[in-house]
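Encoded as structure tokens, the structure appears first; notes follow it.
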Amino acid sequence: MNLPLTGGCACGAVRYECTAPPIAMFNCHCRTCQQVSGAVSVPVVLLPSNAFRVTKGALRYHLLPSERTGQHKRGFCADCGSRITGGETTEPRDWVGVTASSLDDPSVFRPAFDIFVSSAQPWELLDPKIAKHAKYPPR
């Protein structure tokens, strides 16, 4: 995997980079991710927050309920609506989650597990080779 990882929104108004390798890669099947993406799951790349920065434009944030932390903070482009970040909280964390589809090279995405499979749609084809978690993975 070549660093930095770069990406952005569909219209190009927001760009980001990360100078460190991902912490984890997984698919989230929670109902909120389904609803905000219009897809059966969201491919997530967890990046170290101290190596992540927005290089162009600014993210706009929307807060939605979270089972574990009270609220999830999701970042998107205010111009085109592309979702870029998610899973953050209003308190600083050591990581930021970005949608793998926002990467300039999404082919680097290699999910290690699925979360919230309890909300997966019955018609979705889940990869039997990766670990499954009914909700969040163990800490």
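The values are calculated or read from the model by the stated rules, or taken from the named source; none is laboratory data. Note that the coordinates shown come from a computational prediction; the quantities given were computed from them, not determined experimentally. Here the Cβ positions follow ideal geometry from the backbone for every residue, glycine too, while neighbour counts run over all protein chains shown. Side chains are part of the model used for accessible areas, which takes the heavy atoms of the whole protein and leaves out ligands, DNA and RNA. Shrake-Rupley method; radii C 1.70, N 1.55, O 1.52, S 1.80 Å.
Using a probe of 1.4 Å, the accessible surface attributed to residue 72 totals some 30 Å² when neighbouring protein chains are kept in position. Of interest is the spacing of the C-alpha centroids, which for region 5-56 and region 72-131 amounts to 6 Å. Counting only DSSP beta bridges with both residues in the chain, the antiparallel share comes to about 85 percent. Using C-alpha pairs under 8 Å with a sequence gap of at least 6, the mean separation divided by the residue count of the chain gives a relative contact order of 27 percent. Computed per residue of the chain from DSSP H runs no shorter than four, each worth -39500 (n - 2.57), the mean residue ellipticity at 222 nm is -1500 deg cm²/dmol. Structure remark: mean-square fluctuation, Gaussian network model of the chain, C-alpha springs under 10 Å; the largest value among 122, 43, 111 belongs to 122.
Please name which of 80, 113, 61 has its Cα lying farthest along the dipole of the chain towards the positive end, using unit charges on Cβ (Lys, Arg +1; Asp, Glu -1) and the Cα centre as origin. So the residue we want is 61.
For the chain, a crude dipole built from +1 on the beta carbon of Lys and Arg and -1 on the beta carbon of Asp and Glu, taken about the Cα centre, is about 220 debye to the nearest 20.
Among the trypsin sites (Lys or Arg not before Pro) in region 36-106, those located in a DSSP loop and surrounded by at most 16 other Cβ atoms within 10 Å of their own Cβ are 68, 93.
Candidate values [x] 22, 17, 15; [y] 43, 17, 11; [z] 35, 16, 13 were compared with semi-axes √(5λ) of the Cα gyration tensor in Å computed on the shown model; the agreeing label is [x].
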